[in-house]
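Q: Before I ask anything, let me first share the structure, which is written out below as C-alpha cells.
The values are calculated or read from the model by the stated rules, or taken from the named source; none is laboratory data. Treat the numbers as computed from the prediction; the structure is a model and nothing was measured. Here the Cβ positions follow ideal geometry from the backbone for every residue, glycine too, while neighbour counts run over all protein chains shown.
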Amino acid sequence: MIAYLSGTLFSLKGDEAIVLCGGVGYFLRLPGPTAGALGPEGGQVSLWVHTAVKEDALDLYGFGSARQRALFQLLLEVPNVGPKLALLLMSSVPPAVLAKAVQQSDIPALTRVKGIGKKTAEALLFHLKDRALEIAAMSAEGVGVVAEAAKPPGPADDLLAALLALGYKPAQADAAAAHARERLPGAGLESLVREALNALR
C-alpha cells in the first residue's frame, strides 16, 4: 500500500496529477486545494496518499497533509460517500466550514455544493455529528503543506485554529487555548480542544 510519495510533479491537469518517483509515474486524484498548491510542473512535491484497492483497479488519492488524508478517510466512512463525492466536498467546503456545519447541523452549508442533495447532507451530518472536534482539529492545518520547504504549524497554532474553526472569537479562543495548554501540558490536539471547549462553557 502506498502511503506517501515524494518526487517530481510530471503532469498536473485539473485535479489529476502524475508524480514521478524513481522513474515511475504515479497517477493521483487530488482535492482542489491540494491541486492548487502544488505549483508548476517540474517542481518537487510531497503528498500523503490514500490507496483504494478494487478488484480491477488500484486508485491513488493525494493530499497535502496527513490531516487532509484523515479527513478524506473520515468522509469515506459515511454510507454512500465514495472517493468522488469526498473529493468534491473537500474541494468545495473548507474543513473549518465543515466542522462548524457539523457542530450546528447546518444542512444548507452542504447543499450549496453542486452534487450534494438534502439526503446526502443529512447523512453526512448524522454520521459526523460526534466528530466535529476531530474535524476542527483537522481544519487547523488548512490546505496542508505540499512544497518541500514549507514550515508546518506548531501545536499552539493548531489549537487556536481549531477553536476559530468552531466559530469562537479570537479573544475567546486565545484565552481558552491558554487555559487548555496550562491544564494539559503535552496533551494531543483533540484533548486540548475538548479542554478548551469546557472552559468556554
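Q: So, in segment 49-58, exactly how many residues are at pLDDT 95 or above and not β-branched (V, I, T)?
A: Here the count works out to 1.
Q: May I pose another question? Counting only residues that are touching an Asp or Glu at 6+ places or on another chain (Cβ under 7 Å), give me the strands (runs of 3 or more DSSP E) lying completely in segment 1-42 with at least 1 of them.
A: 4-13, 24-29
Q: Now for a separate question. Out of all the residues in segment 182-201, which are in a helix (DSSP H, G or I) and among the aliphatic types (A, V, I, L, M)?
A: If the condition is that a residue be in a helix (DSSP H, G or I) and among the aliphatic types (A, V, I, L, M), then L189, L192, V193, A196, L197, A199, L200 are the ones that fit.
Q: Let me ask something else. From the list A86, A96, exactly one residue is touching a Ser or Thr at 6+ places or on another chain (Cβ under 6 Å) and part of a helix (DSSP H, G or I). Which is it?
A: Details: A86 fails: touching a Ser or Thr at 6+ places or on another chain (Cβ under 6 Å).
From the options A86, A96, the qualifying one is A96.
Q: When K118 is evaluated against the numbered criteria (1) within 15 Å of L5 (Cβ to Cβ); (2) surrounded by fewer than 17 Cβ atoms within 10 Å (Cβ to Cβ), which criterion, by number, is the only one it fails?
A: In the conditions (1) within 15 Å of L5 (Cβ to Cβ); (2) surrounded by fewer than 17 Cβ atoms within 10 Å (Cβ to Cβ), K118 misses (1) alone.
Q: Another question about this same structure. Given A150, A165, which one is under 30 Å from N80 (Cα atoms), of a type in the set (G, A, S) and at pLDDT below 75? So that I can check it myself, show each step before the final result.
A: Values: A150 fails: under 30 Å from N80 (Cα atoms).
Going through A150, A165 in turn, the sole match is A165.
Q: Looking at segment 36-54, is at least one residue in contact (Cβ under 8 Å) with a residue 40 or more places away in the chain and within 24 Å of L125 (Cβ to Cβ)?
A: no
Q: So in segment 6-35, with the set limited to residues that are touching a residue at least 40 places away in the same chain (Cβ under 8 Å) and under 24 Å from P94 (Cα atoms), which one is surrounded by the fewest Cβ atoms within 10 Å (Cβ to Cβ)? Quick ask: steps written out before the conclusion?
A: Taking segment 6-35 first, the residues touching a residue at least 40 places away in the same chain (Cβ under 8 Å) are 6, 15, 17, 19, 29-34.
Keeping just the survivors that are under 24 Å from P94 (Cα atoms) gives 15, 17, 29-34.
On the way: D15: 18, A17: 25, R29: 19, L30: 26, P31: 24, G32: 15, P33: 18, T34: 28.
Among those residues, the one meeting the criterion is G32.
Q: So, one more: Could you list all residues from segment 83-99 that are surrounded by fewer than 21 Cβ atoms within 10 Å (Cβ to Cβ) and not hydrophobic (A, V, I, L, M, F, W, C)?
A: P83, K84, S91, S92, P94
Q: Would you tally the residues in segment 163-181 being without any contact (Cβ under 8 Å) to a residue 40 or more places away in the chain, assigned to a helix (DSSP H, G or I) and under 21 Å from Q104 (Cα atoms)?
A: Taking segment 163-181 as the starting set, the residues that turn out to be without any contact (Cβ under 8 Å) to a residue 40 or more places away in the chain are 163, 168-181.
Keeping just the survivors that are assigned to a helix (DSSP H, G or I) gives 163, 170-181.
Filter once more, keeping what is under 21 Å from Q104 (Cα atoms): 163, 170, 172-173, 176.
Residues in segment 163-181 being without any contact (Cβ under 8 Å) to a residue 40 or more places away in the chain, assigned to a helix (DSSP H, G or I) and under 21 Å from Q104 (Cα atoms): 5 in total.
Q: What are the pairs with Cβ atoms under 7 angstrom where one residue, in segment 68-80, is under 14 Å from T34 (Cβ atoms) and the other, located anywhere, is modelled with pLDDT under 90? Sequence gap at least six, or different chains.
A: Matching pairs, first to second residue: Q68/G144; A70/M138; L71/P95; L71/I135; L71/M138.
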